[in-house]
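This report concerns only the one structure given below.
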Amino acid sequence: MSDRIETESRKLLGRLRRALAEDSAGQERLDRIVELIATSMQTEVCSIYLFRDVDTLELCATEGLQAESVHKTRMRLGEGLVGRVARTRRVVNAADAPSAPGFRYMPETGEERYSSFCGVPIQRLGDALGVLVVQSKDSRAFTTDEVYALEVVAMVLAEMTELGAFVGEGAALSARHQQPVLFRGSIAQEGASAGKVYLHEPRVVVTNPISDDPDLELERLRGAVETLRVSVDELLSGDRAMTPDQVEIFEAYRMFANSRSWMRRMEADVSNGLSAEAAVEKEQSLARSRLGQAEDAYMRDRLHDLDDLSNRLLRILTGQGSNTGAEMPENPILIAKNIGPGELLEYGKALRGIVLEEGSVGSHATIVARAWAIPLVINAKGITTEALNGDTILVDGEQGVVHLRPDDSVSTAFGDKLAMQTRAQERYASLRELPAVGTCGTQVALHMNAGLMADLPSLPSSGAEGVGLFRTELQFLIRSQMPKRSELSALYSRVIAAAHGKRVAFRTLDIGSDKVLPYMKANDEPNPAMGWRAIRVGLDKPGILRMQLQALIRAADGGPLAVMFPFITLHSEFRAAKAELDKVLARETKLGNPLPSNLEVGAMLETPSLAYAPDEFFREVDFISVGGNDLKQFFYAADRENELVRRRYDTLNGSFLSFLKTVVDRCDAVGTPVSFCGEDAGRPLEALVLAAIGFRSLSMRPASVGPVKHLLRQVDLVAAGKAVSEALESGEQDIREMINAWLVENHQSPRAVT
Ligand code: PEP
Ligand code: MG
């Protein structure tokens with residue numbers, strides 16, 4: 001970069017700073033800025049286009065084009081050269097603009113007189129805000145240094161737009177973060193709630209994009225990068241156990257933190273007059289826009305790493321940590337890119353809702369949110385950049401929709417929805433002590449799923465008869481090291497005590513797949529859901545399985561105990577697991593410890609193969625629990641965590657239901673109790689159909705017990721059984737509509753079903 005440009009660029013930023021410091025309105029500031037840029041860069045035209053809505057750009061200020069076209073000239077995203085810059089977030093530098101691909105003639109601007117065109121995106125952290133354009137009569141491509149200077153200016157404009165420096169009349173100059181925004185995400189936990197935004201990681205606010213002392217800024221930047229390097233080195237050399245993935249991430253951090261080119265670019269930006277923070281953000285913005293375009297997964301991961309590293313650097317520079325001291329508002333709705341179960345547990349049940357930019361339905365955080373019945377919407381793209389602490393927010397977990405800063409009509413409609421939800425809850429509460437018995441007298445036992453001590457208080461309030469599935473791995477997942485047997489045993493006895501004599505079916509560790517223990521060496525498996533997981537790990541590493549079984553027996557303290565093994569695929573696996581249990585029982589006898597007064601040993605049926613195990617298996621096992629979540633993914637060969645295929649195959653499909661019916665029949669034939677504990681058990685219509693095909697025990701999240709009970713109590717389950725059989729015999733694959741229609745015709749409105 002030539003010294004002349006460096007000084008020119010710095011001079012221009014100095015002038016910009018003075019212009020921005022003047023006490024003037026947004027429009028005046030913009031007019032002054034375009035004039036300054038045109039003069040400094042010796043171009044006939046300088047224009048600023050800003051977004052007036054998500055896909056329309058508006059000319060907001062110009063030096064050189066017709067003044068009357070300001071706020072009149074508009075283009076769609078991708079339209080003309082300006083639209084192309086905004087869409088691609090890339091510079092367009094054309095010596096002969098009219099012949100450049102995509103050029104669109106705008107007669108009102110008088111721009112046909114200008115030959116050369118250079119447009120740079122005005123963007124902040126991947127968020128496109130507008131386009132800065134310079135044009136000249138003579139046909140020449142702008143030099144690299146000139147383009148660079150424009151990018152630096154665009155960076156400052158982006159920061160100032162974010163800070164509200166150009167607020168004025170009209171949509172394009174409206175203040176950011178004040179408009180209502182609707183996000184469409186995916187449903188992870190149903191329920192609706194209204195509250196105020198509480199950001200998990202508040203954004204760093206850069207209030208000084210331009211520096212007045214580049215030398216001092218360089219010193220600040222170098223100091224911060226050094227602190228960053230040391231902290232990354234410490235992370236890598238520390239005694240913290242890391243999975244290979246984590247090591248890879250931190251190695252990438254180290255690589256970036258030591259990257260000369262990254263540092264050189266930021267140093268150049270600072271020498272040109274940007275503050276250290278703005279220089280970091282400029283690099284971060286660049287990485288984010290490349291992230292949006294990168295097709296290669298490895299590349300995307302590395303750009304994510306760079307993004308995270310930049311955030312760390314910004315926090316070092318500004319002193320703004322994740323704990324900014326912002327008070328948790330009343331009715332907090334947590335907004336985060338993603339969150340781990342441990343962090344979520346720290347917030348506790350005070351949260352009214354959660355919205356994540358990423359997340360997945362099968363993640364542990366989702367399991368925690370579901371257990372607590374906190375409405376959760378995932379895949380809400382862009383919400384962390386749009387939401388501010390304290391903003392009003394409505395989370396509609398039924399639709400997977402989030403209204404940020406809603407207008408009055410939306411708030412009113414949402415209020416009605418909340419009132420309906422409250423009325424429904426009151427109705428369910430009145431059923432708490434009543435059994436789930438159909439009008440025909442058929443009774444279905446409703447149990448709840450749990451995994452944390454904090455879930456147990458829901459047992460009496462939900463109206464469940466017991467805990468049909470206790471996911472023991474959650475306790476392992478939220479710890480930083482392997483729990484000791486004594487700790488586990490103490491925990492399980494507290495669970496048993498809190499259940500007040502109600503049955504708890506403890507499932508032994510189901511780790512692997514997406515549940516990776518932070519302190520266990522992780523395996524790099526091509527397909528972990530079908531890999532080394534659950535009982536497969538238990539049988540290969542029997543020490544852990546035995547330790548857990550021992551803790552359970554000791555916790556039972558001579559009382560009854562129900563244990564089930566996850567992901568049993570073959571009869572022989574069940575026998576092998578039971579043999580481990582027998583060894584533990586023999587040892588406990590030897591030690592003189594009391595054995596359970598009644599020990600039920602069950603298997604989870606989560607793979608189709610087990611449905612075809614020999615009769616002997618069905619006789620040997622004390623009970624079967626159908627893990628519908630896994631079973632469905634293997635039945636349909638559709639990854640339960642993959643949003644692209646997850647919803648493609650319905651539970652209420654003739655093939656799947658016939659298969660489930662086979663399982664029920666095989667259990668009934670030998671008198672082995674069978675229960676269904678996948679998420680579908682908690683959906684009223686699905687629960688009804690499961691009951692109709694013969695399941696007499698269902699286990700679900702606590703909040704579902706009321707709605708399921710409410711429906712089952714209104715229905716003649718014998719007649720429902722006939723209706724389902726007829727639907728299956730009709731040859732129709734999708735029987736959802738048929739059952740819904742039968743229900744409406746014979747019982748009630750479909751509204752109460754959903
Ligand atoms: C299931 O697969 O249905 C189940 C209950 O287990 P998890 O969801 O924990 O895999
Ligand atoms: Mg499972």
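The values are calculated or read from the model by the stated rules, or taken from the named source; none is laboratory data. Just so we're clear, the structure is a prediction, and the values are computed from it rather than from any experiment. Every residue, glycine among them, receives a Cβ derived from its backbone with ideal geometry; neighbour counts consider all protein chains shown. Heads up: the accessible areas ignore ligands, DNA and RNA and are worked out on the full protein's heavy atoms, side chains in. Shrake-Rupley method; radii C 1.70, N 1.55, O 1.52, S 1.80 Å.
Ordering V230, V401 by accessible area with a probe of 1.4 Å, largest first, what comes out?
Values: V230 65, V401 15 Å².
The ordering from most to least exposed comes out as V230, V401.
If the cut-off is a Cα-Cα distance under 29 Å, which lysines reach K722, setting aside same-chain residues fewer than 8 apart in sequence?
Counting by Cα, and skipping residues close in sequence, K722 has these lysines nearby: K632, K661, K709.
Among 606-618, 691-703, how do they line up from the highest to the lowest mean number of other beta-carbon atoms within 10 Å? It would help to have the intermediate numbers written out before the result.
On the way: 606-618: 16.8, 691-703: 23.8.
Per-residue mean Cβ counts within 10 Å order the peptides as 691-703, 606-618.
Let a ≥ b ≥ c be the square roots of the eigenvalues of the Cα gyration tensor of the stretch 149-224; is it rounded (a/c under 1.5), or, if not, prolate (a/b larger than b/c) or oblate?
Values: a/c = 3.08, a/b = 1.66, b/c = 1.85.
It is oblate, given that a/c is not under 1.5 and a/b is not larger than b/c.
If you place +1 on the Cβ of every Lys and Arg, -1 on the Cβ of every Asp and Glu, and leave all else neutral, what size is the dipole of the stretch 676-754 about its Cα centre, to the nearest 20 Debye?
On the way: 8 positive and 10 negative charges, 99 e Å.
Using only the charged Cβ atoms, the result is roughly 480 debye.
Which percent of the accessible heavy-atom area of the chain goes to carbon and sulfur, probe 1.4 angstrom?
Working: 15700 of 31510 Å².
Whole-percent figure for carbon plus sulfur exposure: 50.
With every protein chain left in place, what is the accessible area per residue of the chain in square angstrom, probe 1.4 Å?
Values: 31510 Å² over 754 residues.
Dividing the accessible area of the chain by its residue count gives 42 Å².
Determine how large the accessible area of D215 is when every protein chain is in place; take a 1.4 Å probe and give Å² rounded to the nearest 10.
Ignoring ligands and nucleic acids, D215 comes out at about 110 Å².
Among the listed pairs K72/K381; K521/K541; K484/K541; K521/K583, which are separated by more than 23 Å between their Cα atoms? Intermediate results must be reported in sequence, preceding the final value.
Values: K72/K381 31 Å; K521/K541 13 Å; K484/K541 16 Å; K521/K583 27 Å.
Pairs exceeding 23 Å: K72/K381; K521/K583.
Using R₀ = 30 Å, calculate the FRET efficiency as 1/(1 + (r/R₀)^6) where r is the Cβ-Cβ separation of E732 and Q443; round to 0.05. Before the final figure, lay out the partial values.
Details: r = 29 Å, r/R0 = 0.98.
Using R0 = 30 Å, I get an efficiency of 0.55.
Amide H to amide H under 5 Å from G353: which residues, 5+ apart in sequence or cross-chain, H placed 1.01 Å off N in plane?
The list, which skips near neighbours in sequence, is L334.
Specify, per residue and in Å³, the volume enclosed by the convex hull of the alpha carbon atoms belonging to the stretch 34-128.
Here the figure is 91 Å³ per residue.
Given only helices, namely DSSP H runs of n ≥ 4 each adding -39500 (n - 2.57), what is the per-residue ellipticity at 222 nm of the chain, to the nearest 500 deg cm²/dmol? Mind showing how you got there, number by number?
Numbers: 27 runs with 340 residues, N = 754.
Calculated at 222 nm, the ellipticity per residue is -14000 deg cm²/dmol.
What ranking of K484, K541 comes out by heavy-atom accessible area, probe 1.4 Å, highest first? Don't jump to the answer; show the numbers that get you there.
Values: K484 130, K541 95 Å².
From most exposed to least exposed: K484, K541.
If every alpha-carbon in the chain counts as one equal scatterer, what log10 I(q)/I(0) does Debye give at q = 0.05 1/Å?
Ignoring solvent entirely, the Cα scatterers give -0.34.
For a protection proxy built on the mean count of beta-carbon atoms within 10 angstrom, sort 569-581, 704-716 highest first, please.
Details: 569-581: 17.5, 704-716: 22.2.
In descending order of packing, they fall as 704-716, 569-581.
Mind listing which GluC sites (Glu not before Pro) in the stretch 1-106 are in a DSSP loop and have 11 or fewer other Cβ atoms within 10 Å? Walk me through the intermediate numbers first.
Values: sites: E6, E8, E22, E28, E35, E44, E58, E63, E68, E79; in loops: E22, E44, E79.
The qualifying sites are E22.
Which whole-Hz ³J(HN,Hα) couplings does the stretch 159-174 yield from phi under the Karplus relation 6.51 cos²θ - 1.76 cosθ + 1.60, θ = phi - 60°, glycine and proline marked x?
Couplings: 4, 6, 4, 4, 7, x, 6, 10, 5, x, 7, x, 4, 5, 9, 6 Hz.
Take the Cβ-Cβ distance between D213 and D53 as r, set R0 to 25 Å, and report the resulting FRET efficiency rounded to the nearest 0.05. Intermediate results must be reported in sequence, preceding the final value.
Numbers: r = 40 Å, r/R0 = 1.59.
Plugging the Cβ-Cβ distance into 1/(1 + (r/R0)^6) gives 0.05.
Classify the stretch 625-754 from the C-alpha gyration tensor, please: rounded if a/c falls under 1.5, else prolate or oblate depending on whether a/b exceeds b/c. Write down the numbers at each step before the final one.
On the way: a/c = 1.25, a/b = 1.17, b/c = 1.07.
Judged from the Cα gyration tensor, the stretch 625-754 comes out rounded (a/c under 1.5).
Any idea of M604's accessible area? Nearest 10 Å², probe 1.4 Å.
Here the accessible area works out near 0 Å².
Please list, in order along the stretch 67-75, the HN-Hα scalar couplings obtained from phi with the Karplus expression 6.51 cos²θ - 1.76 cosθ + 1.60 (θ = phi - 60°), rounded to whole Hz, x for Gly and Pro.
So the J values, rounded to whole Hz, are 4, 5, 7, 5, 6, 10, 6, 9, 9.
Hey, which of these cross-link pairs are over 27 Å Cα-Cα: K417/K502; K137/K282; K349/K515? Don't jump to the answer; show the numbers that get you there.
On the way: K417/K502 35 Å; K137/K282 30 Å; K349/K515 22 Å.
Over 27 Å Cα-Cα: K417/K502; K137/K282.
Obtain the nm distance between the two label points defined at Q293 and S486 by a simple spin-label model: each point lies 7 Å from its Cα along the Cα-to-C-beta direction.
Label at Q293, label at S486, 6.1 nm between them.
Classify the stretch 394-476: rounded, prolate or oblate, from the alpha-carbon gyration tensor (a ≥ b ≥ c, eigenvalue square roots; a/c under 1.5 rounded; otherwise prolate if a/b is larger than b/c)? Please list the in-between numbers first.
Working: a/c = 2.95, a/b = 1.48, b/c = 2.00.
Cα axes put the stretch 394-476 in the oblate bin.
What trypsin sites (Lys or Arg not before Pro) does the stretch 612-659 have in DSSP loop regions with at most 13 other beta carbons within 10 Å?
R647, R648
Per residue of the stretch 52-58, what does 6.51 cos²θ - 1.76 cosθ + 1.60 with θ = phi - 60° give for ³J(HN,Hα)? Whole Hz please, x for Gly and Pro, Karplus curve as stated.
Each residue of the stretch 52-58 in turn: 9, 8, 4, 10, 10, 9, 10 Hz.
Quick query: amide H of S186 versus all other amide H atoms, modeled in the peptide plane; which residues come in under 5 Å with a sequence gap of 5 or more or a different chain?
I378, N379, A380
Quick check on packing: order 407-414, 680-687, 454-461 by the mean number of other C-beta atoms within 10 Å, highest mean leading.
Working: 407-414: 12.0, 680-687: 23.5, 454-461: 17.6.
Peptide ranking by packing, descending: 680-687, 454-461, 407-414.
Under the Kirkwood approximation for Rh and a Cα-based Rg, what ratio Rg/Rh is obtained for the stretch 355-500? Please report the intermediate quantities before stating the final value.
On the way: Rg = 19.2 Å, Rh = 18.4 Å.
Using only Cα positions, Rg/Rh for the stretch 355-500 is 1.04.
Would you please give the residues with an amide H less than 5 Å from that of S675, counting only those at least 5 places away or on a separate chain, with H modeled from the backbone geometry?
I624, S625, V626
Go through the stretch 405-510 and name the GluC sites (Glu not before Pro) that are in a DSSP coil and have 14 or fewer other Cβ atoms within 10 Å of their Cβ.
Values: sites: E426, E433, E465, E473, E487; in loops: E433, E465.
For GluC sites (Glu not before Pro) across the stretch 405-510 that sit outside H, G, I, E and B with at most 14 neighbouring Cβ atoms in 10 Å, the list reads E433.
Keeping all protein chains in place and using 1.4 angstrom, which order do K417, K381 fall into by accessible surface area, from largest down? Please list the in-between numbers first.
Values: K417 60, K381 135 Å².
Ranked list, largest accessible area first: K381, K417.
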